[in-house]
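The structure appears below as structure tokens.
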Amino acid sequence: MTGIEAITLHNGWAMAVVGATIVISGLAILALIISQLHNIIDLLEKKKKVPGVEVSTEILKESNSVDKGITNIEFTLELYQPLFEELDEQFQLADLYELAKRDNLPHPHISIRCMCESGNLCFLGNGTFSFLK
Amino acid sequence: MDLLDLFSQFSKNTGFFLVDYRNIIMLLVGILFVYLSIAKKYEPLLLLPIGFGVIVGNIPFFKGFGIGIYEANSVLHYLYFGVTSGVYPSIVFLGLGAMTDFSFLLSNPKLMLLGAAAQMGIFFTLLSAMALGFAPNEASSIAMIGGADGPTSIFLTAKLAPELIGPIAIAAYSYMALIPIIQPPIMKLLTTKKERVIHMADLREVSQKERLIFPVVGVILCCFLAPASIALLGPFFFGNLMKESAVVERLAQTARTAVIDTATIFLGFTVGASTQGDVFLNPKSIGIFILGAVAFSIATGSGIIFAKIMNLFLKQKINPLLGAAGVSAVPGSAREVHMMGLKSDPNNYLLMHAMACNSSGVIGSAICAGILWSFNMK
């Protein structure tokens, strides 16, 4: 037997339609899963990180003080006051920086720049500065 | 007199005496395959072993002495067991998995749909083969040629219609070798110049975790869907997991080199040798070759048309040429798509995207084999 009759007799139409549907839906599901795979991995990694991260109180204090220092020039001046008392009236920024590092003051570069910009550190020429209250 | 008798008896056992026109035709086909593989470099990894196998298989011999591939206890028969049992295709899939990089597919999963669409050639050919009078088991085996996947075609034929392995394998591999001739005209016919120059977006970087999870998820989902494809997809995804895990690099390296090469040699050679003229040259084989060409063309066309349909709904258009790479002829069809893209626009690099479709096609055709095997289980 040949032709459409043969196809119908052997259930060919159903085989083709069901087969094609299965393979397309199967690969579509697989495509959907792998398209979300990186999102699922990211989500799992974030969840993993959240309970695992313990921020010490010291770091918190430090970061708070940094934020405060960066946004608040008065707080920076208060922090650096003891250092200015140690230095001569005219000093080089490198000396101030060394003292700040010695005392573990946070972000000395930013703090010194802020004090320059606010006019509390006055440039005298020849690479020397003085502190203006 | 005794001397002459002995010589006469010996001469009757030689190939020169036993040869018939079918052997000569097949010997010429074998020589043609060897020529194409060496001189034209058409898929030499496949055509050379097959071509030489055809030559060996068609040397006339005295039947009944355990010489030929279809005679029990012959050496060739034992080697052929790897084909008829489906062992070689499974081993080839292991190596393929260890070679395949799914990053491109993982970074653009919608390309997987093109691999599914290209399998429509299989189901169209199933109907055509039935209409030509082939039984459902034979029609299913012939239809697999549309997947453009030699090992899968052989695997399914070994399970459903072992007597057709020779013509189906030769048809499948021949058409895979003829990709540079078959696919470009279809691609040109079904796409416009404007479509061919569409550039694909850059692929995102895929993490190792994604690449590790994919083979596990893939094997579970695909084999739950079509358990009959376990013999192919199991080794395939296992090979890929070995590659991606990076903890068994030695095994992965062996799988993608020595193991797959050994299986390919024996698969090609014994499939070639199975084309004995008296068994191979019959009207069914001619029908299979015609249907194979139809299957391959429909598979290529359906992938392209599906890509064009997808473009109706997508904001970021995909190059429809990629649909042609949905057939699982790795990497031949991806290479053709890339070349066609470059011809249309020298800056249009489609290779990585086409490889994504290709690897999806491998999975799709293995699922189809499982589905068709299930349909024919009684």
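Taking only protein heavy atoms and a 1.4 Å probe, what accessible area per residue, in Å², does the range B:324-367 have with all protein chains in place?
Values: 1230 Å² over 44 residues.
That works out to 28 Å² for each residue.
At a Förster radius of 60 Å, what calculated FRET efficiency corresponds to the Cβ-Cβ distance of residue A:132 and residue B:257, to the nearest 0.05?
Working: r = 76 Å, r/R0 = 1.26.
Approximately 0.20, to the nearest 0.05.
The sum of -39500 (n - 2.57) across all DSSP H runs of n ≥ 4, divided by the residue count of chain B, sets its helix-only mean residue ellipticity at 222 nm to -22000 deg cm²/dmol.
Total buried accessible area between B and A, probe 1.4 Å, nearest 100: 2700 Å².
Please say if the range B:234-334 is rounded, prolate or oblate, where rounded means a/c under 1.5 for a ≥ b ≥ c the square roots of the C-alpha gyration tensor eigenvalues, and otherwise the choice is prolate for a/b larger than b/c and oblate otherwise? It comes out oblate by the Cα gyration axes.
Using only Cα atoms, locate the centre of the range B:153-184 and the centre of the range B:267-329, then give the distance between them in Å, rounded to an integer. Spelled out, the Cα-based centre of one part sits 9 Å from the other. Counted over all Cα-Cα pairs of the range B:1-141, pairs farther apart than 19 Å make up 74 percent. Remark: for residue pairs B:40/B:188; B:40/B:343; B:40/B:317; B:193/B:284, the C-alpha separation exceeds 28 Å in B:40/B:317; B:193/B:284.
For chain B, the membrane-span-like helices by this rule, meaning whole DSSP H stretches whose C-alpha atoms cover at least 24 Å of axis and whose Kyte-Doolittle mean is -0.5 or above, are B:21-39, B:208-225, B:283-313, B:351-375; this says nothing about an actual membrane. A straight Cα-to-Cα reach below 13 Å connects residue B:159 with the aspartates and glutamates B:138, residues fewer than 8 places away in its own chain not being considered.
Hey, how many Å between the Cα centroid of the range A:71-98 and the Cα centroid of the range B:9-33? Spelled out, the Cα-based centre of one part sits 102 Å from the other.
Quick one: if you take sqrt(5λ) for each eigenvalue of the C-alpha gyration tensor of the range B:1-58, what semi-axes come out, biggest first, whole angstrom?
Equivalent ellipsoid of the range B:1-58: 34, 10, 7 Å, largest first.
Among the trypsin sites (Lys or Arg not before Pro) within the range B:10-43, those in coil by DSSP and having at most 16 neighbouring Cβ atoms inside 10 Å are B:40, B:41. Taking a point 7 Å out from the Cα of residue B:189 in the direction of its Cβ, the residues of the range B:106-133 whose backbone N falls within less than 15 Å of it are B:121.
The Cα-based radius of gyration and maximum Cα-Cα distance (Dmax) for the protein assembly as shown are 33.9, 134 Å.
How much net charge surrounds residue B:296 when only the other residues with a Cβ under 13 Å from the Cβ of residue B:296 are counted, with Lys and Arg +1 and Asp and Glu -1? Display every interim value, and only then the final one.
Values: positive: none; negative: B:149, B:336.
Every neighbour counted, the sum reads -2.
The values are calculated or read from the model by the stated rules, or taken from the named source; none is laboratory data. This is a predicted model, so every value here is computed, not measured. Ideal geometry is used to build each Cβ from the backbone, glycine not excepted, and the neighbour counts take in all protein chains shown. These area figures cover heavy atoms from the full protein model, side chains too; ligands, DNA and RNA do not enter into them. Shrake-Rupley method; radii C 1.70, N 1.55, O 1.52, S 1.80 Å.
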